[in-house]
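Asks: One structure, as structure tokens, below. Some questions next.
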């Protein structure tokens, strides 16, 4: 059986054409999961290919021709790319009913029963897929033994759904023993960086997040992680900027381990630069920051809010003063410009006044310490606690996730926040005025455009509303008046 892992992009509409969108539009880094699972099959000498549709310029039914030669096709979905996965699976099955379609990933883990009832998927795999691949392929070849495949979800003869218990999570030793992702077939010059991981799971339990394996952090050994970094040199050379993206949810959680990784990299004299995510509380440790600073291409810190009530309600147990101290530490070790703090505004319980206060403190963080900020509106993540509340209250339906660009729709935004359009635009005025002042005055020590921010996505699609707002904003936000106000 010829086997392929299909990497489906997040898609968006460009007029009448569907194209890779959002992060997949800029091709930041290749999707790790499908490439890693393909690497496992390759290590067993199985004929396997990775079909990376992120590298396509458009997304339409002609893609099925790229898949026609394969008997077994694995798809992976993380919810944001589910509309594309769903479309492609239906196109494929309508033209080649004999193709065996297997779906995995976070979205499949969260919504397996709903998907297999409504879509022509043969098998769904819940949980981590590494322990499932070979037992499932063996069962498909023999036509028996499906009851022994962990995490498998299938329909029975009467149309009912059978869900096998999930496999145990990979242990640290099993993470060490995983083969390399099948990156040797990457198309040169398509991606900015190369994706790697050094651990699995997360310590947190944030209400806005849908990571399925919370409170289950498992690390790869420092030595083995650095070994893999060295072995991936030829793949890294195919990227545009030749750095790594570490996709761990909690790379810095074990301080001694992260320090040891940095030491091994230094002792081996490796050319290593990476972006990674980190927690505020971890980067209060100056020894840790000192160790990782030489290798930091960029770090994203999930601060999320300065509002104590919001931090408590989303399960982010940090103090606002810790955010300030973290930024100060990054500044002192010379990596403030490579540090991005993530903030979310517009949670359902937040008022316009709350958000104004939050924005004020965020602007002060940038001006004081020269860090970057990624400021985003709250949008519900499928499977999260907040999403489940919206679902229970009837604001959303599971089938909403089938729609292309569901996450930028007005319906989705209305379920994500309690603010009116006028309040959203007034708050946007404030942020854009701050950004304009920073661009004009360029305060010493900070980037000229340190805050990444966009208007609410549903308003971006309404040209008449957007044009009216732009005209009003330009009348109100004259640079000389704004500069006077924000520099006093």
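Asks: Cα axis of helix 222-231 to longest principal axis of the chain: angle in degrees, 0 to 90, nearest 10?
Replies: On a 0 to 90 degree scale, this one is about 80.
Asks: Sorted from largest down, what three extents in whole angstroms do the Cα atoms of the range 219-291 have along their principal axes?
Replies: 35, 23, 21
Asks: Which three extents, in angstrom, do the Cα atoms of the range 314-397 have along their principal axes, listed largest first?
Replies: 48, 26, 19
Asks: Still on this structure: Please give the length that would be gained between residue 174 and residue 114 if that part of the chain were fully extended, namely 0.36 nm times their separation in residues minus their C-alpha to C-alpha distance (nm, one decimal). Don't skip to the end; give the middle numbers.
Replies: On the way: separation 60, 0.36 × 60 = 21.60 nm, distance 3.12 nm.
Taking residue 174 through residue 114 to full extension adds about 18.5 nm, to one decimal.
Asks: How long is the gain from residue 61 to residue 203 if the chain were fully straight, where each residue apart is worth 0.36 nm and the alpha carbon distance is subtracted? Walk me through the numbers before you get to the answer.
Replies: On the way: separation 142, 0.36 × 142 = 51.12 nm, distance 4.11 nm.
Stretched out fully, the residue 61 to residue 203 stretch lengthens by 47.0 nm.
Asks: Would you mind putting 132-144, 416-428 in packing order, based on average other-beta-carbon counts within 10 Å, highest first?
Replies: 416-428, 132-144
Asks: Could you state the per residue volume, in Å³, of the convex hull enclosing the Cα atoms of the range 79-183? Could you put the intermediate results ahead of the total?
Replies: Details: hull volume 14.1 nm³, N = 105.
Given the Cα convex hull of the range 79-183, per-residue volume reads 134 Å³.
Asks: Could you check the simple spin-label distance between residue 144 and residue 44, using points 7 Å along Cα→Cβ, in nm with one decimal?
Replies: Going by the 7 Å Cα→Cβ label model, 1.9 nm.
Asks: Moving to a separate point now. Residue 281 to residue 470: FRET efficiency via 1/(1 + (r/R0)^6), r the Cβ-Cβ distance, R0 45 Å, to the nearest 0.05? Display every interim value, and only then the final one.
Replies: Details: r = 41 Å, r/R0 = 0.90.
For R0 = 45 Å, the calculated efficiency reads 0.65.
Asks: Using Cα atoms only, what is the angle between the long axis of helix 106-118 and the major principal axis of the chain, expressed in degrees (0 to 90) to the nearest 10?
Replies: 60
Asks: Compute the relative contact order of the chain as a whole-number percentage, counting only Cα pairs closer than 8 Å that sit 6 or more residues apart in sequence. Don't skip to the end; give the middle numbers.
Replies: On the way: 856 pairs, mean separation 52.2, N = 488.
Once normalised by length, the contact order is 11 percent.
Asks: Explain nothing, just the number: relative contact order of the range 3-163, from Cα pairs under 8 Å at least 6 residues apart, as a whole percent. Don't skip to the answer; put the middle values down first.
Replies: On the way: 267 pairs, mean separation 32.2, N = 161.
RCO, the range 3-163: 20 percent.
Asks: Next question. Could you tell me what percent of the DSSP beta bridges with both partners in the range 3-163 are antiparallel, to the nearest 5? Don't skip to the answer; put the middle values down first.
Replies: Values: 9 of 25 bridges.
Roughly 35 percent of the DSSP beta bridges within the range 3-163 come out antiparallel.
Asks: Next up: Could the peptides 2-12, 223-233 be put in order, highest first, of the mean number of other beta-carbon atoms found within 10 Å of their residues? Spell out each step's value before the answer.
Replies: On the way: 2-12: 22.4, 223-233: 16.7.
Result, highest mean Cβ count within 10 Å first: 2-12, 223-233.
Asks: To the nearest 0.05, how large is the calculated FRET efficiency for residue 452 and residue 399 if R₀ is 22 Å and r is the Cβ-Cβ distance? Write down the numbers at each step before the final one.
Replies: Values: r = 32 Å, r/R0 = 1.44.
Working from the Cβ atoms, E equals 0.10.
Asks: If the viscosity is 1.306 mPa s and the temperature 10 °C, what Stokes-Einstein diffusion coefficient in µm²/s follows for the range 269-311 when Rh is the Kirkwood radius over Cα pairs?
Replies: Estimated diffusion coefficient is 134 µm²/s.
Asks: Let me ask something else about it. Which length gain, in nm to one decimal place, applies between residue 14 and residue 241 when the Cα-Cα distance is subtracted from 0.36 nm times their residue separation? Before the final figure, lay out each step's value.
Replies: Working: separation 227, 0.36 × 227 = 81.72 nm, distance 2.76 nm.
Answer, rounded to one decimal: 79.0 nm.
Asks: Continuing with the same structure: Counting only DSSP beta bridges with both residues in the chain, what percent are antiparallel, rounded to the nearest 5?
Replies: On the way: 11 of 52 bridges.
In the chain, DSSP labels about 20 percent of beta bridges as antiparallel.
Asks: May I ask you to give the average projected area over all directions of the convex hull of the Cα atoms of the chain, in nm² rounded to one decimal? Let's see the in-between values first.
Replies: Working: hull surface 94.2 nm².
Mean projected area of the Cα convex hull: 23.6 nm².
Asks: Rounded to the nearest 0.05, what FRET efficiency is calculated for residue 163 and residue 26 with R0 set to 45 Å and r the Cβ-Cβ distance? Can you show the working numbers first?
Replies: Values: r = 37 Å, r/R0 = 0.82.
Computed FRET efficiency for residue 163 and residue 26 comes out at 0.75.
Asks: I've got another one for you. If we restrict to alpha carbons, what Rg and Dmax does the range 3-163 come to, in Å?
Replies: Spelled out, the Cα radius of gyration and Dmax of the range 3-163 are 15.2, 47 Å.
Asks: Can you tell me the Rg and Dmax of the range 259-403, counting just the alpha carbons, in angstroms?
Replies: Rg and Dmax of the range 259-403, Cα atoms, are 17.8, 57 Å.
Any read-out appearing in this document is the output of simple, stated calculations on the displayed coordinates, not a laboratory observation. Quick caveat, the model's predicted, so the values are computed rather than measured. Cβ atoms come from the backbone with ideal geometry, glycine included; neighbour counts cover every protein chain shown.
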